[in-house]
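Okay, so here's the structure we're looking at.
The values are calculated or read from the model by the stated rules, or taken from the named source; none is laboratory data. Since this is a predicted model, take the numbers as computed values, not measurements. With ideal geometry, Cβ positions are generated from the backbone for all residues, glycine too; neighbour counts draw on all protein chains shown. Note: areas computed on protein heavy atoms with side chains; ligands, DNA, RNA excluded. Shrake-Rupley method; radii C 1.70, N 1.55, O 1.52, S 1.80 Å.
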Amino acid sequence: GAVVSQHPSRVICKSGTSVKIECRSLDFQATTMFWYRQFPKQSLMLMATSNEGSKATYEQGVEKDKFLINHASLTLSTLTVASAHPEDSSFYICSAGAKGQWGTDTQYFGPGTRLTVL
Amino acid sequence: AQSVTQLGSHVSVSEGALVLLRCNYSSSVPPYLFWYVQYPNQGLQLLLKYTSAATLVKGINGFEAEFKKSETSFHLTKPSAHMSDAAEYFCAVSASNDYKLSFGAGTTVTVRA
């Protein structure tokens with residue numbers, strides 16, 4: 001249980017195009033989803049917290065007009081990188097909050113999406 | 001606010017040897033503590049979590065961690081390393097019942113045959 005998927009797993013695009021990444025909780029409902037960015041050999045940086053039916057909460061320094069987040073249902077959140085540029089190239093990981101096997105709130109992570117902007 | 005510090009960015013062990021990964025936390029409220037593992041080009045997999053119940057937490061793949069409040073530590077151990085344990089390990093902390101995680105910088109584990 002508690003499986004999170006991401007699509008696509010890898011995307012290569014030209015500078016200036018927009019890219020949409022989907023995050024789905026497959027076997028549970030997630031009222032809260034998170035989007036992270038990870039640079040090579042570095043830790044995860046939280047970009048935003050996404051709550052179903054409401055606006056996302058962005059971390060300081062993250063451009064909300066650049067990284068558009070939609071959490072339309074309890075099982076789907078999307079991250080759109082608007083007008084992507086080479087500096088946006090990174091590994092993007094989502095997670096979904098659920099009651100874990102220990103009976104408390106736990107984040108379950110998707111497999112990540114590798115974005116390369118040429 | 002919560003934060004974690006992972007001591008040692010890289011740990012190398014021989015196959016069959018003890019694996020010890022160190023994590024110290026800082027939290028203004030009772031913390032929830034986590035260890036995650038990440039294999040190359042993959043997301044994070046939860047190894048174990050401290051929930052304020054038992055201080056010694058057993059996780060998957062033979063890993064366990066001990067919560068020591070007096071030392072503000074949550075070190076991860078495995079008695080005998082396998083080649084498949086080679087990966088990146090992240091310690092993370094959240095406030096009780098708050099989903100938001102703060103991650104450490106990560107520790108890369110390599111296992112020598």
Completion exercise
Within segment B:16-44, residues touching a Leu at 6+ places or on another chain (Cβ under 6 Å) and either among the basic types (K, R) or open to solvent by 80 Å² or more (accessible area, probe 1.4 Å) (or both) come out as B:R22
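What number of residues within segment B:1-53 are of a type in the set (D, E, K, R) and modelled with pLDDT of 95 or more? Spell out how you get there, then give the answer.
Kept after step one, since they are of a type in the set (D, E, K, R), are these residues of segment B:1-53: B:15, B:22, B:49.
In the following step, the residues that additionally are modelled with pLDDT of 95 or more were identified as B:15, B:22.
The total comes to 2.
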Exercise for the section: For segment B:11-25, state whether one or more residues are without any contact (Cβ under 8 Å) to a residue 60 or more places away in the chain and over 11 Å from the mean Cα position of the chain (by Cα). Expected result: no
Practice task
Specify which of the listed residues (B:A105, B:A92) is within 9 Å of another protein chain (Cβ to nearest Cβ), open to solvent by less than 20 Å² (accessible area, probe 1.4 Å) and in contact (Cβ under 8 Å) with a residue 24 or more places away in the chain.
Solution key: B:A92
Practice task
Would you point out the residue of segment A:1-14, among those that are open to solvent by less than 40 Å² (accessible area, probe 1.4 Å) and not aliphatic (A, V, I, L, M), that is farthest from A:Y92 (Cα to Cα)?
Solution key: A:C13
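Please work out if B:L48 is outside any loop (DSSP other than H, G, I, E, B) and touching a Cys at 6+ places or on another chain (Cβ under 8 Å).
Values: outside any loop (DSSP other than H, G, I, E, B): yes; touching a Cys at 6+ places or on another chain (Cβ under 8 Å): no.
The answer is no for B:L48.
Looking at the structure I just gave you, is A:T17 open to solvent by 20 Å² or more (accessible area, probe 1.4 Å) and within 13 Å of chain B (Cβ to nearest Cβ)?
no
Of the residues A:G61, A:G53, only one is closer than 25 Å to B:V4 by Cβ and open to solvent by 40 Å² or more (accessible area, probe 1.4 Å); which? Step through it out loud before you land on a result.
Values: A:G53 fails: closer than 25 Å to B:V4 by Cβ.
Result of the check over A:G61, A:G53: A:G61.
Limited to segment B:45-84, what total is found for residues that are among the acidic types (D, E) and either open to solvent by 60 Å² or more (accessible area, probe 1.4 Å) or within 12 Å of chain A (Cβ to nearest Cβ) (or both)? I'd like the intermediate steps shown before the answer.
The first filter runs over segment B:45-84 and keeps only residues among the acidic types (D, E), leaving B:64, B:66, B:71.
Subset that is either open to solvent by 60 Å² or more (accessible area, probe 1.4 Å) or within 12 Å of chain A (Cβ to nearest Cβ) (or both): B:66, B:71.
Counting residues in segment B:45-84 that are among the acidic types (D, E) and either open to solvent by 60 Å² or more (accessible area, probe 1.4 Å) or within 12 Å of chain A (Cβ to nearest Cβ) (or both) gives 2.
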Practice task
Please indicate, with yes or no, whether at least one residue in segment B:88-97 is assigned to a helix (DSSP H, G or I), of a type outside the set (S, T, N, Q) and at pLDDT below 95.
Solution key: no
Exercise for the section: Only residues that are crowded, with 18+ Cβ neighbours inside 10 Å and either within 18 Å of A:L115 (Cα to Cα) or among the charged types (D, E, K, R) (or both): list them for segment A:23-42, please. Expected result: A:C23, A:R24, A:F34, A:W35, A:Y36, A:R37, A:Q38
Completion exercise
Of those in segment A:81-98 that are surrounded by 16 or more Cβ atoms within 10 Å (Cβ to Cβ) and not small (G, A, S), the residue nearest to the other protein chains (Cβ to nearest Cβ) is A:I93
Problem - Selected residue [touching a Gly at 6+ places or on another chain (Cβ under 7 Å) and more than 16 Å from A:E22 (Cβ to Cβ)] from A:D88, A:D105 - result: A:D105
